[in-house]
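The values are calculated or read from the model by the stated rules, or taken from the named source; none is laboratory data. Remember, predicted model here, so these are calculated numbers, not experimental data. Glycine also receives a Cβ, built like all others from the backbone with ideal geometry; neighbour counts cover every protein chain displayed. For accessibility, only protein heavy atoms count, side chains too; no ligands or nucleic acids. Shrake-Rupley method; radii C 1.70, N 1.55, O 1.52, S 1.80 Å.
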Amino acid sequence: MDIIKKDERFYIHDGAAYPRVTWILSCAPMGEGLKRWLGDAESFEETERIKMRAALRGTHVHNGCQRLIEGEELIFEDFTIEEWGMLESFIAWVEDYKPHFIFTEKTVYSEQYGYAGTLDCVAQINGEEYIIDFKTSQNVYPLTMFSQCAAYINAAHEMCIMSGDTKIAILQLGSKHKKRYNFVVAEEPWEHYLDMFKAIKKIFHFEHPKLMPKDKTYKATLKICPHE
């Protein structure tokens, strides 16, 4: 029996393939800090290894945050020391801002603009609604991070699961700040950042004119047959 691995660059919804918001935003201009980091890297392969480690760390921390929001008690041994420190900084942010969580890890689709993604968190703070994206990177990149949230808000409005005036915020976990978190609220309305997302999306479609998922098929088992 073969194993089919789905193309994770896409979400499939009602039979249609929607490119991920994060994939679209990979076509955004790089910040100066990221350019310097890439320029200082030993090799392309080393850069890819670092990116994969960072992605795995981000997944673990995001899952931990969701479990904390759902009321679970986490165990130290399930995480690395770095991940645990980021989760501690999340607890510190919750204690300081006292958010009322509305929902987390919600997948949203935009049929109008043709994209999809999973937002981290929607919460009320002091009576105002925020869409909050959790970040475990060392730097905050407002162009892509705020555009990402704006795309989620637009899709959520299309789906009628959010309405009204929503603010965008980035929660950077494990930062070098005193309480090890950095809560950055966008200064402009979310529609401003949606315009930037749509501009980046035009570049994305220029770079990827034929958007089709490319699933891969693998054998379920491998075995060397003995020679006769």
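A few points about this structure:
- DSSP H segments from the chain that extend 27 Å or more along their own axis, Cα-based, with Kyte-Doolittle mean of -1.0 or above: 44-69
- Computed over protein heavy atoms with a 1.4 Å probe, the accessible surface of the chain works out to 63 Å² per residue.
- Counted over the chain, the DSSP beta bridges are approximately 75% antiparallel.
- The chain, helix-only ellipticity at 222 nm - DSSP H runs n ≥ 4, -39,500 (n - 2.57), divided by all residues, nearest 500: -13000 deg cm²/dmol
- DSSP-loop GluC sites (Glu not before Pro) across region 91-186, with at most 15 other Cβ within 10 angstrom: 111
- Unit charges on C-beta of K, R, D, E only; dipole of the chain, Debye: 600
- Computed over the chain: relative contact order in percent, which uses C-alpha pairs under 8 Å that are six or more apart: 26
- Partners for residue 216 among lysines (Cα-Cα distance below 26 Å; same-chain residues under 8 apart left out): 5, 6, 51, 201
- Most positive-pole-ward Cα, 225, 117, 186, against dipole of the chain from beta carbon charges: 225
- Among the listed values [x] 58, 40, 31; [y] 60, 36, 32; [z] 75, 44, 39, the one matching Cα extents along the principal axes in Å as calculated from this structure is [z].
- When nucleic acids and ligands are ignored and a 1.4 Å probe is applied, residue 84 ends up with an accessible area of around 60 Å².
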